[in-house]
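Worksheet for the structure shown next.
The values are calculated or read from the model by the stated rules, or taken from the named source; none is laboratory data. Values in this document were obtained by computation on a predicted structure and should not be read as measured data. Cβ atoms come from the backbone with ideal geometry, glycine included; neighbour counts cover every protein chain shown. Keep in mind that these areas ignore ligands, DNA and RNA; they rest on the heavy atoms of the full protein, side chains included. Shrake-Rupley method; radii C 1.70, N 1.55, O 1.52, S 1.80 Å.
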Amino acid sequence: MLARKYKSQIVSIENLVEDIYTIKLSSLNKKYKYYPGQFLHLSIDSDYDGIGQWPESRCFSMQSNPDENIIKISYAVKGKYTDEMKRNLNQGDTVWLKLPFGNLFTQSHNTTNTVFIAGGTGITPFLSLFSSKLFTQYVSPRIYLGFRTDSHNIFKNDLKQIDKNSQNNSPSILSIKHQNVDGIIDIKKIFFENGLKCNYFISGPPQMIKNFKYYLVGEGVRQRFILTDEWE
């Protein structure tokens, strides 16, 4: 699917916990087209006309699914660009999106006993799948999530939809850990519970992805069974 540019309007901005924002966007020129798990480039350059060279932008995973009319993204304020977004973006503002990019769930993988591991806002590409009709293809998915604190889990309502959207394939495991109480996600325990033959999807901070992938490969999991959301 070719990436296209979409002039878009900010429908809403939510800030439920310090320095974590959720933005809903609506296209002003054509319907968004993408697959679950893909990501976009967002530019807040007010001078861009949609024709010239693509301006400075930042990547964000799409949290919504392709059947929705809006696109939803969530991000933590880390670095200059997201800080500028925090300070300058408001409901009703116009921005430019370029999408789609990435192939997280379109890669060849087994949809039985699939393992999903996410840290923090790394859950967003998974939610794009979990809320999609495509999730009905997954049999006994296993979901492991980690957040800094309970209040940092701003995705509770989205997670409540998993059983509704999964029909007869409700997760055999849905583990939610909070770092301030439970410590970090335990990749050793996850591997013990799932073994060598599962596909492992991992999304979260770059160092978490690197460490978990290194551990799984070290335990004998084939690299093609480890699929990660890495685009920075």
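For Ile173, the residues 5 or more places off, or on other chains, whose built amide H falls under 5 Å of its own are Ile143.
Would you mind estimating how fast segment 66-112 diffuses translationally, via Stokes-Einstein at 20 °C and 1.002 mPa s with the Kirkwood radius over Cα pairs, in µm²/s?
Values: Rh = 14.1 Å.
Rounded to a whole number, D works out at 152 µm²/s.
Rounded to the nearest whole Hz, the Karplus-based 3J(HN,Hα) values (6.51 cos²θ - 1.76 cosθ + 1.60, θ = phi - 60°) of segment 175-191 follow the sequence 9, 10, 10, 10, 4, 6, 10, 9, x, 6, 4, 9, 5, 5, 5, 4, 5, with x at glycine and proline.
Separation of segment 32-53 from segment 180-232 is 30 Å, based on Cα centroids.
If only the Cβ of Lys and Arg carry +1 and only the Cβ of Asp and Glu carry -1, the dipole of segment 1-134 around its Cα centre is close to 420 debye.
Counting only other residues whose beta carbon sits under 11 Å from that of Ser172, what net charge do I get with K and R as +1, D and E as -1? Spell out each step's value before the answer.
On the way: positive: Arg142; negative: Glu193.
That works out to 0.
What's the magnitude of the charge dipole for segment 59-149 around its Cα centre, counting Lys and Arg as +1 and Asp and Glu as -1 at the beta-carbon? Answer in Debye, nearest 20.
On the way: 9 positive and 5 negative charges, 50 e Å.
Computed charge dipole of segment 59-149: roughly 240 debye.
Dividing the summed -39500 (n - 2.57) terms of all DSSP H runs of n ≥ 4 by the residue count of the chain sets its mean residue ellipticity at 222 nm at -6000 deg cm²/dmol.
Each other residue within a Cβ distance under 14 Å of Gly195 adds +1 if Lys or Arg and -1 if Asp or Glu, for a net charge of +3.
Strictly greater than 18 Å: what percent of every Cα pair in segment 1-62 meets that? Looking at segment 1-62, the distances longer than 18 Å represent 42 percent of pairs.
The phi torsions of segment 11-18, fed into the Karplus equation with coefficients 6.51, -1.76 and 1.60 and a -60° offset, translate into couplings of 7, 7, 10, 10, 9, 7, 8, 3 Hz, rounded to whole numbers, with Gly and Pro shown as x.
To the nearest ten degrees, helix 156-166 and the longest principal axis of the Cα atoms of the chain are 70 degrees apart. FRET efficiency for the pair Ala76 and Thr106, taken as 1/(1 + (r/R0)^6) with r the Cβ-Cβ distance and R0 = 30 Å, rounds to 0.70.
Please give the contour-minus-distance gain from Leu174 to Ser151: 0.36 nm per residue of separation, less the Cα-Cα distance, rounded to one decimal in nm.
Here the segment from Leu174 to Ser151 would lengthen by 6.5 nm.
Rounded to the nearest whole Hz, the Karplus-based 3J(HN,Hα) values (6.51 cos²θ - 1.76 cosθ + 1.60, θ = phi - 60°) of segment 66-71 follow the sequence x, 7, 7, 7, 10, 10, with x at glycine and proline. Of all accessible surface on the chain at a 1.4 Å probe, what whole percent is carbon and sulfur? Solvent-exposed carbon and sulfur of the chain make up 46 percent of the total.
Have a look at the DSSP beta bridges in segment 39-191 and tell me what percent are antiparallel, nearest 5. Before the final figure, lay out the partial values.
Numbers: 8 of 20 bridges.
Close to 40 percent.
Val221 sits among other residues whose Cβ lies under 11 Å from its own Cβ, and their net charge, with Lys and Arg +1 and Asp and Glu -1, is +3.
Could you tell me which of the pairs Lys156/Lys188; Lys78/Lys189; Lys133/Lys189; Lys7/Lys33; Lys33/Lys78; Lys7/Lys30 are separated by over 18 angstrom between their Cα atoms in the structure shown? It would help to have the intermediate numbers written out before the result.
Values: Lys156/Lys188 26 Å; Lys78/Lys189 30 Å; Lys133/Lys189 30 Å; Lys7/Lys33 13 Å; Lys33/Lys78 28 Å; Lys7/Lys30 9 Å.
Table pairs above 18 Å Cα-Cα are Lys156/Lys188; Lys78/Lys189; Lys133/Lys189; Lys33/Lys78.
Shown here are the Rg and Dmax of the Cα trace of the chain, at 17.7, 53 Å.
Given all pairs of different Cα atoms, what value in angstroms does the Kirkwood hydrodynamic radius of segment 1-109 take? Display every interim value, and only then the final one.
Numbers: mean 1/r = 0.0701 Å⁻¹.
Radius from the Kirkwood sum: 14.3 Å.
Within the listed set Asp67, Asp83, Asp150, the residue fluctuating most in the Gaussian network model of the chain (springs between alpha-carbon atoms under 10 angstrom) is Asp83.
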